[in-house]
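The values are calculated or read from the model by the stated rules, or taken from the named source; none is laboratory data. Since the structure is predicted, the reported quantities are computational estimates derived from the model, not experimental observations. Positions of Cβ are generated from backbone atoms using ideal geometry, with glycine treated the same way; all protein chains shown enter the neighbour counts.
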Amino acid sequence: MHGAAAAGTALAFPAIVPARVLGVNAPSNMIHVAQIGCGRIGLTMDVPGFLRAKGAKVVGACDLDARRLGYMRAFIAKKQGEKSADAIFGARDFHDVISRADVDAVSISTPDHWHAQIAIEAAFAGKHVYMQKPASLTIVEGRLFANAIAETGRTFLLGSQQRSWAQFQKACAFVREGRLGKIKSIEVGLPGDPGGGSTKEMPVPECLDYDFWLGSTPKVFYTEERVHSQNADLRKAINSRPGWLRCEQFGAGMITGWGSHHLDIVHWGMGWEKIGPKYVEGKGVFHTGGLWDVHGDYDITLSYPDGTPVRVWNKFPNGVRFIGEKGWIFVSRGAAKVSASDPVAAGKPLKALDASDPSLIAGKPSVVLYPNAMTSPGHHHQNLVDSIRANVPSEVPAETAHRSCSACLLSWIGMKLGRKLEWDWRKERFVNDAEANAMLARTERAPYGARRAYERLSKKADV
């Protein structure tokens, strides 16, 4: 595998890097990254992130839509100064990526229902993994993927980029420092999704391998608003928000889409990164009558083992508010947008960092949340490269990613069932509730699926 043979002076890491990171015959000092998923997030966020990462080179791209794949190869080649798109290898099947000896790491920016399986197979193929959130489609998938990363010793980073933003780092450090005293409650504001979507059956585009795209989910007829835009203007098509985000077959809606970001911040600020809630109770409105069937309005309360309630409500401002004995600290993205289709708050723009008393957020925190200093603060993708080179955990390792995603999926189950549920976070099972436990996994359509991949590749496949 390619690795960072000259790890250190440019990136301020030790000159000796473990052989398992570098590979025995590493021919270059670059981490070679291949992009899997050439849609909106891959094009506007993840590929640009690795293109500007020191010590990384994007060498290939993979997508089941040939048009998007071609566009991405040309985009990468141009940005890296290659003579032609042929310098960037292309693949339709991700297996053709993870089997390559010249790929050190993969960046997974596919629809949610593919995240866990690709991460599992990539890790067992010896690849380091950057993956977009949410970490999984189900809690069982999440456990399998986290186990796979642990068993293989690969470096993993979740695309929970708020951890690399200064205001989120400060807010969580101030809370851990005790500036608010005992935390009494936490409020999380997230957007919702609209209903709608055309249910008209359409012919499958020649450029798309639709059966593979459906993966482990049920076989259903093709319609454009179930997948992604096929606009003749390819740049416009790729940058539009895809319909699959609003279909429960492929995800859980905004509760995982944005919930993975904000509940991760809750866990970070409270030191809950390896646990989970004890109770969940909520309600939600699920759209009917059209193609899109994820939730709209919702109101959920997660109660953690120490008794702290976390209320997740779409009527709160988009962000996280920690409320303690001495006041509150609120943190958000402010006016920043990661992608053009990010939702924005109505009315007065939110402050990125705010408090009931300015002194609560003044000065520099005494608590260091992430001890492995980044070479480029604020640059999330750089953290994967730095972590591989130094052989240290990333800002958002696999177990952390799984736990934040689990809180989101528990919220979704709570919305679905509409009653108070007790969760055993150690066993990852509901207490005395067979109906709820049946929702921890989904049936996988052969030959696809995270469980099939894990059972085929792991020596501990009795999970």
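Scanning region 36-89 for residues that are among the basic types (Lys, Arg) and closer than 22 Å to Ser160 by Cα returns Arg40, Arg52, Lys54, Lys57. Can you name the residue in region 107-138 that is closer than 26 Å to Arg429 by Cβ and touching a His at 6+ places or on another chain (Cβ under 8 Å) and, of all such residues, is surrounded by the fewest Cβ atoms within 10 Å (Cβ to Cβ)? Among residues in region 107-138 that are closer than 26 Å to Arg429 by Cβ and touching a His at 6+ places or on another chain (Cβ under 8 Å), the one surrounded by the fewest Cβ atoms within 10 Å (Cβ to Cβ) is Lys133. Within region 24-46, which residues are crowded, with 24+ Cβ neighbours inside 10 Å and part of a helix (DSSP H, G or I)? Within region 24-46, Gly42, Asp46 qualify. Residues in region 162-202 that are part of a loop (DSSP other than H, G, I, E, B) and at positive phi: Gly178, Gly181, Gly197.
Among the conditions (1) modelled with pLDDT under 95; (2) not in a loop (DSSP other than H, G, I, E, B), Ile149 misses just one, which is (1). Does Leu360 qualify as being of a type in the set (A, V, I, L, M, F, W, C) and either closer than 30 Å to Gly126 by Cβ or modelled with pLDDT of 95 or more (or both)? In short, yes. One residue stands out among those in region 392-431 that are among the acidic types (Asp, Glu) and in a loop (DSSP other than H, G, I, E, B): the one that is farthest from Lys278 (Cα to Cα), which is Glu395.
Let's see how each residue does on (1) part of a strand (DSSP E or B); (2) touching a strand residue (DSSP E or B) at 6+ places or on another chain (Cβ under 7 Å); (3) surrounded by 17 or more Cβ atoms within 10 Å (Cβ to Cβ):
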{"residue": "Val220", "(1), (2), (3)": "no, no, no"}
{"residue": "Asn231", "(1), (2), (3)": "no, no, no"}
{"residue": "Ala237", "(1), (2), (3)": "no, no, yes"}
{"residue": "Ile255", "(1), (2), (3)": "no, yes, yes"}
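Could you say whether any residue in region 88-96 is closer than 15 Å to His32 by Cα, modelled with pLDDT of 95 or more and hydrophobic (A, V, I, L, M, F, W, C)? Checked against the condition, which is being closer than 15 Å to His32 by Cα, modelled with pLDDT of 95 or more and hydrophobic (A, V, I, L, M, F, W, C), region 88-96 yields at least one hit. A search for C-beta distances below 8 Å between a residue of region 277-295 that is part of a loop (DSSP other than H, G, I, E, B) and any residue that is crowded, with 19+ Cβ neighbours inside 10 Å and among the β-branched types (Val, Ile, Thr), counting only pairs 6+ apart in sequence or on different chains, returns Pro277/Val310; His287/Val294. Set side by side, the residues Leu180, Leu144 differ, and just one is closer than 30 Å to Gly324 by Cβ and surrounded by 20 or more Cβ atoms within 10 Å (Cβ to Cβ), which is Leu180. Take the conditions in contact with a strand residue (DSSP E or B) (Cβ under 7 Å, 6 or more places away or on another chain), of a type in the set (Lys, Arg) and closer than 30 Å to Val280 by Cβ and apply them to Lys420. Does it pass? Spelling it out, Lys420 is indeed in contact with a strand residue (DSSP E or B) (Cβ under 7 Å, 6 or more places away or on another chain), of a type in the set (Lys, Arg) and closer than 30 Å to Val280 by Cβ.
Among what's in region 429-457 and is closer than 22 Å to Asp93 by Cα and of a type in the set (A, V, I, L, M), pick the residue that is surrounded by the most Cβ atoms within 10 Å (Cβ to Cβ). Among them, the one singled out is Ala450. Condition test on Phe168, is it of a type in the set (Phe, Trp, Tyr), within 30 Å of Tyr370 (Cβ to Cβ) and touching a residue at least 12 places away in the same chain (Cβ under 8 Å)? Yes, satisfied.
A Cβ distance below 6 Å, combined with a sequence gap of six or more or placement on separate chains, defines the contacts here; from region 175-188, residues that are closer than 13 Å to Ala355 by Cβ reach residues that are assigned to a helix (DSSP H, G or I) in the pairs Val175/Gly269; Arg179/Leu360.
Could you please find all residues in region 304-317 being under 23 Å from the mean Cα position of the chain (by Cα) and either part of a strand (DSSP E or B) or surrounded by 20 or more Cβ atoms within 10 Å (Cβ to Cβ) (or both)? Within region 304-317, Tyr304, Val310, Arg311, Val312, Trp313, Asn314 qualify.
I want to confirm something. Restricting to region 431-442 and keeping residues that are in contact (Cβ under 8 Å) with a residue 12 or more places away in the chain and under 25 Å from the mean Cα position of the chain (by Cα), which single residue is farthest from Ala116 (Cα to Cα)? The extreme case among them is Ala436. Residues considered: Ile76, Ile108, Ile118, Ile98. Of these, the only one that is more than 19 Å from Pro48 (Cβ to Cβ) and out of contact with any Lys or Arg (no Cβ under 7 Å at 6 or more places or on another chain) is Ile118.
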